[in-house]
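What follows is calculated from the coordinates using simple rules that are stated; it is not laboratory data. As the structure is a prediction and not an experimental result, all values here were calculated from the model. Methodologically, a virtual Cβ is constructed for each residue, glycine included, from the backbone with ideal geometry; neighbour enumeration extends over all protein chains shown.
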Amino acid sequence: MSYMHVPSEDGRQVRHMNRRLSRRLLAIALTVGGVTGGSLGLLAPQAAAAPASDGFECDGQIFQSAGSTTSVKLYTGTVGPGTVDFSPLGPTGPGYNAIGVDPDTQYIFAMRRDNNHLLQINKTGTVKDLGAIAGLPSSTDYYIGGFDKAGDFFVAGNETPLYKIDIKQRTVISKTTLSAPLGGGVGDITYASGYFWSATIDGFIQRIDPASGKVTNFSGMVPATKQGYGGAFTYGNNDLGFFDNGGTLNRIAVKNPAAAAPTFTLVSSQEAAAASAVDGAACFVARADLQVIKVAPLEVDEGAPVSYQIVVTNNGPADSSGWTVNDTLPTLLQNPTTSTPGCTITGSQMSCTGGALPVGESATITVTGMAPIPGGVVLDNTVTVRGNDPDPKPENNESKTTTEVVPVPLIDPAVGAAAVAGASALGTVVLRRRRNTGEEAR
């Protein structure tokens, strides 16, 4: 582009053109910077790379690899009431471990165990050997691994440093020495809230800072197991999933993950297939707003049946891949029971797990029990739902109810005896409640 200079004795025309030119250049700068009608900003960020066409859908998929050091099969999990059922995907591959899903391409990557080559697995289960990783010592079996949020792949072996790998260049970016070895039975790590997490054979959860290498142990946070926790993954809401090789998937919620003493809660335990050389990964992208509502009577008589209904609804925008309901039932509720599939009650704790829930559909849980005797008390109850997928509206994940237990008036013994005598003469049976027993006397 060129501009013509027009002479002027007083320079006003030149200054006028300079001002117009300045305004044009500013308008161009604002347009390039992605700012209109506002202050000058930086260039707009480029859009994130699109997933590979043969990458996984990441619609709440849970993966498990199992087999031996020389031969491994990949499985995809289907969450159902109380269980996770796995189906084989693709051909059997060479022995591999340390699987993780790259958040960019949505391929699974893994470490081949006989030569430490980097493997890539697509959505058909086809395994591709990408070759050796520059800078990675070849003398170690790297069976522990996972991706961070930025798409860097981290691997480790038995008492080795944590290696950060650029999968595109197949080279080690950095090596971080861990402050303590990963505990017994640790077979995998998973990334959440800025840390990697693992579970040990004796029930510890370990928090690993990938930047500093600091390893912090928290005792008694998962059930101890003889077989070890071979697989780990992160749910869409940042809960942790740990596969016990003996056939259980334990889901752990972590509150204040960066604190000196985070709060860990065992959300659910689901049956899964027992296997050897287990590893785990997952991929959650779709968002599902799950809402829970608990329906309870406003009042009941002492000693009378109490019935609750819990309704979980998916408000979208995507289908839910699964969910867990936790309900701390009132301690005064007598003999709580449920026949809803996927639900268990231990003491006053009820846990229910469910499978896929399409947009607009609901799942209903029914719980029954008996009101306590004597009355004059209140049954307070809070129920929560945790979706497997990211939830854009967590404020509707909780529902509270209050039920008043009403005392039943006693009949005066003298009046009661006369009433019974009169009723007997008429062939009628009268029931009188005995105080503090819940029994009925004729």
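The table for this structure:
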item: Burial ranking of peptide ranges 190-197, 250-257 (average Cβ count within 10 Å, highest at the top); result: 190-197, 250-257
item: Stokes-Einstein D (µm²/s) once Rh is taken as the Kirkwood radius of region 288-406 over alpha-carbon pairs, at 4 °C in 1.567 mPa s; result: 89
item: Part-to-part distance (alpha-carbon centres) for region 97-111 and region 329-396, which is given in Å; result: 36
item: Order of 345, 133, 62 - criterion: other Cβ atoms within 10 Å of each residue's Cβ, fewest first; result: 345, 133, 62
item: Charge dipole of region 59-284 about the Cα centre (unit charges at C-beta), most positive-ward option of 254, 81, 144; result: 144
item: 13 Å beta-carbon shell around residue 252, net charge (K/R +1, D/E -1); result: +2
item: Environment charge of residue 378, counting only residues whose C-beta is closer than 11 Å and scoring Lys/Arg +1, Asp/Glu -1; result: -3
item: For region 91-208, convex hull of alpha carbons as volume per residue, Å³; result: 107
item: Over 27 Å [Cα-Cα, region 166-315], rounded percent; result: 36
item: Förster radius 30 Å - calculated FRET efficiency between residue 59 and residue 169, Cβ distance, rounded to 0.05; result: 0.50
item: Calculated FRET value between residue 344 and residue 214, using beta carbons and R₀ = 30 Å, to 0.05; result: 0.25
item: Fewest-first ranking of 216, 403, 324, using other Cβ atoms within 10 Å as the exposure measure; result: 216, 403, 324
item: Net charge of Cβ neighbours under 13 Å - reference residue 315; Lys, Arg +1; Asp, Glu -1; result: -4
